[in-house]
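Presented below is the structure to which this report refers.
Readers should treat all values here as calculations from the given coordinates under stated rules, not as data from a laboratory. Values in this document were obtained by computation on a predicted structure and should not be read as measured data. We place every Cβ from the backbone using ideal geometry, glycine too, and count neighbours over all the protein chains shown.
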Amino acid sequence: MKTNTAKQTMLAGNPAFGFSIALGSALSAEAISDTGVDFILLDRQHGSWGDDATIAALIAMRGGAATPMARVLHNDFGLIGRLLDEGMMGIVVPMVNTAEDAKAVADACRFPPTGQRSWGWGRARAYGSDYSDWIDDQIFVAVQIETAQAVENAEAILATPGVDGCWVGPSDLALTLGFHPSKMDEREEHANALQKVLKACENTGKIPGIAGRSVTDAVNRAELGFQFVTAGSDLGFVLSGADAALKTLRAANFKSAAKK
């Protein structure tokens with residue numbers, strides 16, 4: 001049996017922090033998974049991942065302590081099933097706007113009687129012959145609430161059997177509320193929408209999550225009550241590190257060597 005330690009952390013009432021990986025590199029996946037972060041979210045929606053690279057990343061992450069999860073391209077039975085069959089322990093599904101959408105997610109993620117997942121798996125056999133005995137308990141199923149419509153339907157969405165929680169997409173939410181994502185922190189309607197999602201999770205006993213825009217933002221979101229929180233990405237870390245290095249280099253004041 002493989003324990004989803006990130007899920008158990010959240011069920012105990014504590015936040016679990018994750019890093020997303022988007023570069024399509026198994027080496028990046030291996031390095032990030034060994035940092036001590038709670039989970040890795042392999043981004044199949046916006047990241048540069050193909051099928052073979054995804055399998056390579058799962059193999060690379062096996063040596064790390066982070067729980068392997070993935071965001072699927074869209075709410076599709078076959079796409080979700082393939083990620084589970086390869087060994088993902090968590091699934092995030094974008095643009096879930098209704099209870100019907102949420103049921104489709106649960107159906108794809110869980111075996112009968114809760115869902116309709118097809119019997120059979122591929123690389124997940126690496127977890128042992130008892131995989132089917134525990135996977136429905138250990139998998140973490142999160143729906144993305146990232147539109148004004150989804151916020152209005154949040155309680156019905158989260159009440160869906162088989163859904164463990166949500167992962168708010170704050171930038172897309174801002175766009176559907178009518179303003180640029182850069183303005184979200186100053187708009188009361190955005191804060192109110194987040195509070196409505198938190199309340200819906202409280203009322204349904206589900207886990208609230210959100211995409212943090214930075215480490216600081218992730219901490220602030222956790223203090224508000226969000227538990228499934230991403231705090232950066234491999235691409236973001238590379239770019240921020242390069243930016244900081246370049247600023248230091250450009251700020252240096254070198255004196256020309258005296259000519260002999």
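At a glance:
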quantity: Principal-axis tilt of helix 77-86 within the chain, Cα atoms, nearest 10 degrees; calculated: 70
quantity: GNM top mover of Val215, Val151, Val168 - the chain, alpha-carbon springs below 10 Å; calculated: Val215
quantity: Most mobile listed residue (Pro94, Pro161, Pro113) in the chain, GNM with C-alpha springs under 10 Å; calculated: Pro113
quantity: Value at 222 nm in deg cm²/dmol, rounded to 500, when DSSP H runs of n ≥ 4 in the chain each add -39,500 (n - 2.57); calculated: -13000 deg cm²/dmol
quantity: C-alpha long axis of helix 51-61 to longest principal axis of the chain, angle in °; calculated: 80
quantity: All-pairs Cα distance distribution in segment 1-133, expressed in whole percent, bin size 10 Å; calculated: 12, 43, 38, 6
quantity: Gaussian network model of the chain, Cα within-10 Å springs - most flexible of Lys206, Lys196, Lys247; calculated: Lys247
quantity: Residue exposure sequence - Glu146, Glu223 - by fewest surrounding Cβ within 10 Å; calculated: Glu223, Glu146
quantity: Ellipsoid equivalent to segment 68-201 - semi-axes via the Cα gyration tensor, in Å; calculated: 31, 14, 11
